[in-house]
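What follows is a set of notes on a single structure, which appears directly below.
The values are calculated or read from the model by the stated rules, or taken from the named source; none is laboratory data. The structure displayed is predicted, hence computed values, not measured ones. Here the Cβ positions follow ideal geometry from the backbone for every residue, glycine too, while neighbour counts run over all protein chains shown.
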Amino acid sequence: MENLAQSISVVMPAYNASGLLPRVLAPLMEMLARGEVSEVIVVDDQSPDTTAEVAQSLGARVLTTPKNGGPGAARNLAAEHAIGDILWFVDSDVIAWPDGAEKVRAAMSEEGVAAVFGSYDSTPAGTQWFSRYKNLMHRFYHQNAVREAATFWAGCGAVRADIFRKIGGFDIETYRVPSIEDIELGYRIRSAGGRIIVDPTLLGKHLKVWSPKNAIFTDIFRRALPWSRLMISREGVADDLNTSRAERVKAGVAGLFLLSVLALPFYPAVWPVTAGLAILAVLANLRLAKFFYANGGLLFAAGSLLYHQLYYVYSAAAFSWCLFEYHILGVKDRLHVP
């Protein structure tokens, strides 16, 4: 049975999720039946489908937002009503592994820990190479992150309820659409003196299927730009996850490689430089290349590593633009994400 000193409220924001709920709620409801969590709250964010009805029929406690406000607003609403000492956030497209509550409670038992987050598992639902690349890339960074994190991830992460309420929850005024509201929350948790740790064994299966179009839009406009503006204006660049010093060097190599490729049609003699930079990019990302190979074979690894160079370039370009915007144009307060 659940240790009442570490009681857990599972919080799941949901929008048009009726088709996913039977799969994502199943392990959580089993945890509830075993007494490992106190409640499972599904917050229906004004879905036009039957999300609320399906969640209720599966045994979850259902709340409904007064208006559609995104996952941050839904999580904040749940925090107002939750009975648990710990708020465990699980996205409506993530199937938590059966030992999730045990992992959360163990992490929260450490001295000074205010939050913990995990990662996706190695078998995402999307089988197309690009979708697998996106989900596995996310897993790679979280699996290889330093244990003492500087940010937070709400896809499968938990926060002490009292600290969450004390610092005001997610900032839903600055981040009015799903963006980096969890990263920004992590900064405030750290500023309040709380530790955030990464537990690579706290796992969930991601059901989202990515396409290049929605991935590039999300990467640039919902991640790179707002995160860059936040770091430049407030926190500085964190040496962790995909903003570490090593990642910045790899982005530089990717940029030079792309420039050399673009120069080839006009200056064929630069091909040795292009070849050298390609080798350097592989060596710089050797761990990632081996990871992709182990999870999809040679062709998958080659295609993923090649696209990853483009990811580096447009992410670095977004950061460079924000530096220009802040220091040259004098735009100091552009954190708002409409």
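Observations
- Flag for Tyr326 being surrounded by 17 or more Cβ atoms within 10 Å (Cβ to Cβ), touching a helix residue (DSSP H, G or I) at 6+ places or on another chain (Cβ under 9 Å), modelled with pLDDT under 95 and on the phi < 0 side of the Ramachandran plot: yes
- Residue in the range 32-48 that is assigned to a helix (DSSP H, G or I) and acidic (Asp, Glu) present: no
- Among the candidates Ala294, Ala289, Ala284, Ala302, residue that is in the same structural domain as Ala263 (by TED's automatic domain parsing), over 23 Å from the mean Cα position of the chain (by Cα) and within 17 Å of Arg132 (Cβ to Cβ): Ala302
Yes/no matrix, rows are residues, columns are (1) without any contact (Cβ under 8 Å) to a residue 60 or more places away in the chain; (2) touching a Leu at 6+ places or on another chain (Cβ under 9 Å):
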residue	(1), (2)
Leu28	no, no
Val42	yes, yes
Ala78	no, yes
Ser122	no, yes
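- Scanning the range 79-94 for residues that are buried (at least 24 other Cβ atoms within 10 Å of the Cβ) and either more than 15 Å from the chain's Cα centre (by Cα) or of a type in the set (Lys, Arg) (or both) gives Ala82, Ile86, Leu87.
- Top-ranked residue in the range 141-189 [being assigned to a loop (DSSP other than H, G, I, E, B) and among the hydroxyl-bearing types (Ser, Thr, Tyr); ranked as nearest to Met231 (Cα to Cα)]: Thr151
- Of the residues making up the range 144-170, those that are surrounded by fewer than 18 Cβ atoms within 10 Å (Cβ to Cβ), touching a residue at least 24 places away in the same chain (Cβ under 8 Å) and of a type outside the set (A, V, I, L, M, F, W, C) number 6.
- Pairs are defined by a Cβ separation below 7 Å, a sequence spacing of at least 6 or placement on different chains, a first member in the range 239-250 that is under 19 Å from Ile180 (Cα atoms), and a second member that is at pLDDT below 85; the pairs so defined are Asp239/Arg245; Thr243/Val237.
- Positions within the range 111-144 being in contact with a strand residue (DSSP E or B) (Cβ under 7 Å, 6 or more places away or on another chain) and not small (Gly, Ala, Ser), in sequence order: Val113, Val116, Phe117, Tyr120, Asp121, Thr123, Pro124, Asn135, His138, Arg139, His142, Gln143
- Those helices (runs of 4 or more DSSP H) of the range 190-300 in which 1 or more residues are farther than 26 Å from Phe117 by Cβ and touching a helix residue (DSSP H, G or I) at 6+ places or on another chain (Cβ under 7 Å) occupy 212-217, 245-263, 271-284.
- Per-region count, the range 49-97, residues part of a loop (DSSP other than H, G, I, E, B) and not basic (Lys, Arg): 17
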